[in-house]
Amino acid sequence: MALQVVIFVAVAVVAGGVACWLRRRTPDGPPRDAFPVPRQLARPDFPRPEALWLVAYFSSETCGSCEGLGPKVAVLESAEVATCEVEFASQRELHERYDVSAIPMILIANSDGVVLRAFVGSTSATDLWAALAECRAPGSTPEADLGAIT
């Protein structure tokens, strides 16, 4: 009987020690973006720096996911919106300058070059239109945080 009490007390002490150690452990930090996006663009690096908005599309000829995105971006061009494709082989220096680590990457920036929306990977024309509309007129779309950088 005394041996059983000793074993019980030993197990309780070990369990209590493990519980204290687990409680004092610091939690893991927040997850890091798998593909970080630039937060700021220098507007003179892109066409029509005087435009109110910029939609920059980083791509590569060898990118299968990039197929069909060029026309989806180009159709957003207007008097207030400048669009451009930054193809890796021909504009590698911009990919490196902005540390673009994944393509396709589409960035929507304001007149100061602040990136307000970003899409990494293939996306629909509807999502691009909605994200740009939300930037231009906040609260105008049902998905106000579509493409938002958090």
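What the table shows:
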{"item": "Some residue of the range 39-50 being touching a helix residue (DSSP H, G or I) at 6+ places or on another chain (Cβ under 6 Å), crowded, with 19+ Cβ neighbours inside 10 Å and not polar (S, T, N, Q)", "result": "no"}
{"item": "Failed item in (1) modelled with pLDDT of 90 or more; (2) surrounded by 14 or more Cβ atoms within 10 Å (Cβ to Cβ), with Glu67 passing the rest", "result": "(2)"}
{"item": "Filtered residue count, the range 120-136, keeping only those that are surrounded by 21 or more Cβ atoms within 10 Å (Cβ to Cβ) and over 14 Å from Trp53 (Cβ atoms)", "result": "1"}
{"item": "Test: residue in the range 111-125 that is more than 17 Å from Ile149 (Cα to Cα) and acidic (Asp, Glu)", "result": "no"}
{"item": "Filter result for the condition that a residue is under 20 Å from Pro49 (Cβ atoms) and touching a residue at least 24 places away in the same chain (Cβ under 8 Å), over Leu146, Leu116", "result": "Leu116"}
{"item": "Filter result (in a loop (DSSP other than H, G, I, E, B) and in contact with a Ser or Thr (Cβ under 8 Å, 6 or more places away or on another chain)) within the range 98-139", "result": "Ile103, Pro104, Gly121, Ser122"}
{"item": "Some residue of the range 79-101 being modelled with pLDDT under 95, under 16 Å from the mean Cα position of the chain (by Cα) and surrounded by fewer than 17 Cβ atoms within 10 Å (Cβ to Cβ)", "result": "yes"}
{"item": "Set Glu77, Glu96, Glu61, Glu85: member being farther than 24 Å from Ala137 by Cβ, free of Cβ contacts under 8 Å to residues at least 24 places away in the same chain and among the acidic types (Asp, Glu)", "result": "Glu96"}
{"item": "Single residue of Thr123, Thr83 found to be touching an Asp or Glu at 6+ places or on another chain (Cβ under 6 Å) and closer than 14 Å to Lys72 by Cα", "result": "Thr83"}
{"item": "Some residue of the range 40-52 being closer than 19 Å to Trp129 by Cα and at pLDDT 80 or above", "result": "yes"}
{"item": "Members of the range 76-97 found to be in contact with a helix residue (DSSP H, G or I) (Cβ under 7 Å, 6 or more places away or on another chain) and in a loop (DSSP other than H, G, I, E, B), listed by number", "result": "Leu76, Phe88"}
{"item": "Answer residue from the range 137-150, given it is small (Gly, Ala, Ser) and touching a helix residue (DSSP H, G or I) at 6+ places or on another chain (Cβ under 9 Å) and is surrounded by the most Cβ atoms within 10 Å (Cβ to Cβ) among those", "result": "Gly147"}
{"item": "Residue under evaluation Pro27, criteria (1) assigned to a loop (DSSP other than H, G, I, E, B); (2) at pLDDT 80 or above; (3) over 30 Å from Val115 (Cα atoms), criterion not met", "result": "(2)"}
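The values are calculated or read from the model by the stated rules, or taken from the named source; none is laboratory data. Bear in mind that the values here come from a model prediction, so they are computed numbers and not experimental data. In this analysis, Cβ positions are derived from the backbone assuming ideal geometry, glycine residues included, and neighbour counts consider all displayed protein chains.
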